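What follows is one structure encoded as structure tokens, with my remarks underneath.
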There are 2 protein chains.
Amino acid sequence: MELDVIIAPTLYGEDELRDRLCAVVDVLRATSTITTALVSGASAVHPCLDIEEAKGGAAKMGDGQALLGGEERGKFIPGFDLGNSPLEYLSRETVEGKVIFFYTSNGTGAIRRTYEACGRPVYIVALNNISSVASAMVSAASAGKAEGIAVLCSGRYGKPSTEDLLCAGMVIDRVAVGLRDNGIITQMVDGASIAAGFAAANEGHSFEVLSSSVHGRYLKTIGYSDDLEYTSRLDIYDAVPVFDGQRIVLSS
Amino acid sequence: MELDVIIAPTLYGEDELRDRLCAVVDVLRATSTITTALVSGASAVHPCLDIEEAKGGAAKMGDGQALLGGEERGKFIPGFDLGNSPLEYLSRETVEGKVIFFYTSNGTGAIRRTYEACGRPVYIVALNNISSVASAMVSAASAGKAEGIAVLCSGRYGKPSTEDLLCAGMVIDRVAVGLRDNGIITQMVDGASIAAGFAAANEGHSFEVLSSSVHGRYLKTIGYSDDLEYTSRLDIYDAVPVFDGQRIVLSS
């Protein structure tokens with residue numbers, strides 16, 4: 001089975017992802033925040049392509065059922081209830097039972113486009129939940145549910161980011177080991193080899209990678225240093241968020 | 001000074017490379033072959049955008065002065081004198097004094113587009129000549145000739161390749177050390193950090209990286225195993241090929 005990592009969101013050809021088992025990464029911060037919101041009891045997260053779509057979706061819900069969350073270029077969106085810091089979504093009181101309409105500059109679009117490209121449910125992964133998502137992908141692939149596996153990095157405005165590559169490399173490495181243990185022969189193509197190599201070179205240094213990345217440095221300048229500490233923690237959640245084309249919920 | 005590695009040839013924005021000191025990498029095989037041809041005494045290499053441009057350029061030269069070289073999708077081009085194996089360009093008898101009109105699927109276009117994007121001479125680098133090109137870039141940058149430095153990976157049909165990332169990572173690491181030794185403060189952006197990390201993870205394993213890459217595996221199937229051995233050798237040449245917008249010659 002072919003294993004790939006798409007290092008930047010534009011780097012796949014037409015039909016290349018069709019029927020593949022795909023996961024999307026946006027460590028800073030969309031996929032970390034989505035995972036946190038669902039673990040805190042949000043009933044679903046709708047990844048939106050723009051602010052208007054998010055507002056329109058929330059407006060159709062009954063009073064008090066929806067929350068608007070996200071950011072534009074890292075900053076709070078006027079009229080939204082919450083930003084894109086995962087720490088805002090830790091409070092069960094705030095998010096429990098709520099449907100969150102969520103828009104961010106890079107991650108939510110990457111999730112939507114990946115679903116269109118592969119035509120099947122998409123896994124949502126961050127450093128906070130790498131092992132549980134990798135296990136779920138191994139189980140699905142071992143059950144014959146995929147022609148190949150791809151992990152997509154959301155990156156930053158079309159360019160690669162170190163934090164997403166680090167996470168993607170850790171995921172694809174765990175997937176490769178899991179499939180091998182199940183007797184499935186795998187082959188990494190170059191994107192996957194690059195991600196796995198980068199992850200190996202930075203093992204045990206997630207926080208340093210996030211702190212020195214372009215986006216990590218930017219987040220520090222706008223007051224989000226604590227987010228780097230939180231999003232760099234490996235496997236704090238046993239949670240597998242899945243996007244079904246409409247909304248993201250935790251896989252049971 | 002900002003140091004970047006462009007991991008795939010499409011991953012830079014408009015004007016992003018303007019006035020930067022740039023190098024282009026295509027280890028398998030264009031930049032390895034260009035370097036070899038010039039070391040073997042070719043007077044110049046013209047990187048062409050297509051087969052017709054190469055044929056047109058050669059036709060304008062006097063009898064016996066030009067050679068047509070290159071490949072399309074890894075294979076020999078009918079009517080050409082030479083392919084894209086660097087081993088074909090080792091013979092001084094074949095190439096000395098000749099002007100080579102050269103077209104390859106990925107590398108020659110990347111060289112031309114990089115020149116257009118930065119608007120200044122472009123360095124040509126392969127594993128065979130990394131240290132000499134890195135030194136030349138350090139000297140030029142230390143003399144105040146650049147706003148920033150970028151190494152561009154030609155990749156494979158728009159996608160990243162491990163062999164180019166390995167070489168780019170080694171170049172950018174040597175450049176960073178050299179500039180630091182000259183008292184110049186540098187900062188790697190994410191592409192450069194990814195390349196440097198990948199190179200660090202694969203130190204001493206160039207041949208293994210080339211052999212296991214998608215393009216390396218393809219070249220083995222079409223009979224070019226020896227090229228992998230040759231192109232994986234570090235610093236066998238003290239040679240700095242530079243493209244001036246017209247042709248590539250060795251910098252004196």
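The values are calculated or read from the model by the stated rules, or taken from the named source; none is laboratory data. Keep in mind that what you see is a predicted model, and the values were worked out from it rather than measured. No Cβ is skipped: glycine too gets one built from the backbone with ideal geometry, and neighbour counts run over all protein chains shown. What goes into the accessible areas is simple: the full protein's heavy atoms, side chains included, and nothing from ligands, DNA or RNA. Shrake-Rupley method; radii C 1.70, N 1.55, O 1.52, S 1.80 Å.
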Using a label point 7 Å beyond Cα on the Cα-Cβ vector, give me the inter-copy distances for B:THR10 in nanometres, one decimal, shortest first. 0.7
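Using a 1.4 angstrom probe on heavy atoms only, work out the carbon and sulfur share of the accessible area of the range A:126-201 in %.
On the way: 1120 of 2250 Å².
That fraction is 50 percent.
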Let me confirm one metric for peptide A:180-192, namely the mean number of other chain beta-carbon atoms within 10 Å of its residues' beta-carbons. 3
In the range B:13-41, what residues drop by 50 Å² or more in accessible surface going from the chain by itself to the full protein assembly, probe 1.4 Å? none
For the protein assembly as shown, just the Cα set please: Rg and Dmax, both in angstrom. 24.2, 83
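For the pairing of chain A with chain B, what total accessible surface becomes buried, with a 1.4 angstrom probe, in square angstrom to the nearest 100?
Numbers: alone 10550 and 10530 Å², together 19160 Å².
So the total buried area for this chain pair works out to about 1900 Å².
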Rounded, prolate or oblate: which one fits the range A:36-103, using the alpha carbon gyration tensor with axes a ≥ b ≥ c (rounded when a/c is under 1.5, else prolate when a/b beats b/c, else oblate)? oblate
Between A:ILE124, A:ILE34, A:ILE184, where does the largest GNM mean-square fluctuation fall for chain A, given springs only between Cα atoms within less than 10 Å? A:ILE184
Prolate/oblate/rounded label for chain A (Cα gyration tensor, a/c 1.5): prolate
Can you tell which of B:SER142, B:SER206, B:SER161 shows the greatest fluctuation in a Gaussian network model of chain B with Cα springs below 10 Å? B:SER142
Using a label point 7 angstrom from Cα along Cα-to-C-beta, what distances in nm, from shortest up, separate A:ASP63 from the other copies? 9.6
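Treat every Asp and Glu Cβ in the range B:98-252 as -1 and every Lys and Arg Cβ as +1, leave all other atoms uncharged, and give the resulting dipole magnitude about the Cα centre to the nearest 20 debye. Intermediate results must be reported in sequence, preceding the final value.
On the way: 13 positive and 15 negative charges, 96 e Å.
Dipole size: approximately 460 debye.
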Between the label point of A:ARG180 and that of the same position in each other copy, find the distances and list them shortest first in nm, with every label point placed 7 Å from Cα along the Cα-to-C-beta direction. 3.3
Euclidean distance between Cα centres, the range B:131-198 to the range A:1-54, Å: 31
Roll a 1.4 Å probe over the protein chains and send me the accessible area per residue for the range B:117-203 in Å². 30
What relative contact order, as a whole-number percentage, does the range A:36-103 give when Cα pairs under 8 Å and 6 or more residues apart are counted? 52
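As a quick test, which of the pairs A:LYS220/B:LYS159; B:LYS55/B:LYS75; A:LYS55/A:LYS75; B:LYS60/B:LYS159; A:LYS75/A:LYS98 have an alpha carbon distance above 27 angstrom in this structure? Please list the in-between numbers first.
On the way: A:LYS220/B:LYS159 32 Å; B:LYS55/B:LYS75 17 Å; A:LYS55/A:LYS75 17 Å; B:LYS60/B:LYS159 35 Å; A:LYS75/A:LYS98 22 Å.
Check vs 27 Å cut-off fails for A:LYS220/B:LYS159; B:LYS60/B:LYS159.
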Any idea what the relative contact order of chain B is, in percent, if you count C-alpha pairs under 8 Å spaced at least 6 apart? 33
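Magnitude of the Cβ-charge dipole of the protein assembly as shown, K/R +1 and D/E -1, about the Cα centre, nearest 20 debye? Write out the running numbers ahead of the final one.
Values: 42 positive and 64 negative charges, 53 e Å.
Charge dipole of the protein assembly as shown: 260 debye, to the nearest 20.
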Measuring from its Cα centre, the range A:36-103 shows a charge dipole (+1 at each Lys and Arg Cβ, -1 at each Asp and Glu Cβ) which, in debye to the nearest 20, is 60
For A:VAL24, which sequence-distant residues (separation of 5 or more, or a different chain) have an amide H within less than 5 Å of its own amide H, given hydrogens modelled in the peptide plane? A:TYR123, A:ILE124, A:VAL125, A:LEU152
Just to confirm the number: angle between the C-alpha axis of helix B:190-201 and the first principal axis of chain B, 0 to 90 degrees, nearest 10? 80
Rotation relating A and B, chain B residue nearest the axis via C-beta, angstrom: B:ALA201, 2
Calculated from DSSP H runs of 4 or more alone, at -39500 (n - 2.57) each and per residue, what is the 222 nm mean residue ellipticity of the protein assembly as shown, nearest 500? -12000 deg cm²/dmol
